[in-house]
Amino acid sequence: GDSVTQMEGPVTLSEEAFLTINCTYTATGYPSLFWYVQYPGEGLQLLLKATKADDKGSNKGFEATYRKETTSFHLEKGSVQVSDSAVYFCALSLTSGTYKYIFGTGTRLKVLA
Amino acid sequence: DAGVIQSPRHEVTEMGQEVTLRCKPISGHDYLFWYRQTMMRGLELLIYFNNNVPIDDSGMPEDRFSAKMPNASFSTLKIQPSEPRDSAVYFCASSSRHGLRETQYFGPGTRLLVL
């Protein structure tokens, strides 16, 4: 069935380190792909999205490219900050057949000063 | 815009009591979603509405849970009777008429503790 798989956390990095959080998906049809971020005590908020193959979403220094051939949407940032510490969720939405909006399990990122 | 509004932000109740969670979506949004988040199960979609009509409630865990959307600006999620395993953070989210492939806007959540 349709699903989203994220790398297990927690991920602990030093400030200014390079970040990659892996996300792969399984979907029947052509999903839109999203990364959401959840800061402590808050709801999820959109970080970036891509709606078709080869699209690159970007925001606040984060980037992710929709790779249809590898069914992936990995999140990257060149230099993380302490303020990036949060939980990151990969998600997909599908409208072919039954509507679905599926979230991954989330990856906790901790950035140390 | 005030964003999605949820109340209460925190709720502590005793097993067997009725709990009602409330949500006001963003004005103009015609999709509304209820999620539950726990450490064990992550983020689960419970039910979603389109134009106030429930479309998919397959995620509602059991008959103790019910949700209504009497108008475009208000929805409730009710648990009766509540049980300790219902303890979780419950989120409401809304999106626009093109929402099936669009961003969901989440409220701050209601943290429920059932003793």
Overall dimensions of chain A by Cα: Rg and Dmax, Å: 13.7, 47
In a Gaussian network model over chain B where Cα atoms closer than 10 Å are linked, find which of B:Glu14, B:Glu62, B:Glu83 has the largest mean-square fluctuation. B:Glu62
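Considering every residue in A:36-46, what mean count of other chain Cβ atoms within 10 Å of its Cβ is obtained? The partial results should precede the final answer.
Details: counts 4, 0, 5, 0, 0, 5, 4, 15, 10, 5, 5.
Rounded to a whole number, the mean comes out at 5.
For B:Thr38, what is the net charge nearby, where nearby means another residue's Cβ is under 10 Å from its Cβ and Lys, Arg count +1, Asp, Glu -1?
+1
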Trypsin sites (Lys or Arg not before Pro) within region A:1-105: DSSP coil, no more than 15 neighbouring Cβ in 10 Å: A:Lys52, A:Lys60, A:Lys68
Principal axis dimensions, chain B - Cα atoms, whole angstrom, descending: 39, 28, 27
Eigenvalues of the alpha-carbon gyration tensor of the protein assembly as shown, times 5 and square-rooted, give semi-axes in Å, largest first, of 30, 21, 16
Counting only other residues whose beta carbon sits under 13 Å from that of B:Leu21, what net charge do I get with K and R as +1, D and E as -1? +4
Under a plain spin-label model, where a point goes 7 Å from the Cα along Cα-to-Cβ, how far apart in nm are B:Asn52 and B:Ile5? 1.9 nm
Flagged as over-length at 20 Å C-alpha distance, from A:Lys100/B:Lys78; A:Lys49/A:Lys77; A:Lys49/A:Lys100; A:Lys60/B:Lys24; A:Lys52/A:Lys100; A:Lys52/A:Lys110, the pairs are A:Lys100/B:Lys78; A:Lys60/B:Lys24; A:Lys52/A:Lys110
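Coordinate-derived values only; no laboratory data. Nothing here was measured: the structure is a model prediction, and the numbers come from that model. Backbone-built Cβ (ideal geometry, glycine too); neighbour counts: all protein chains shown.
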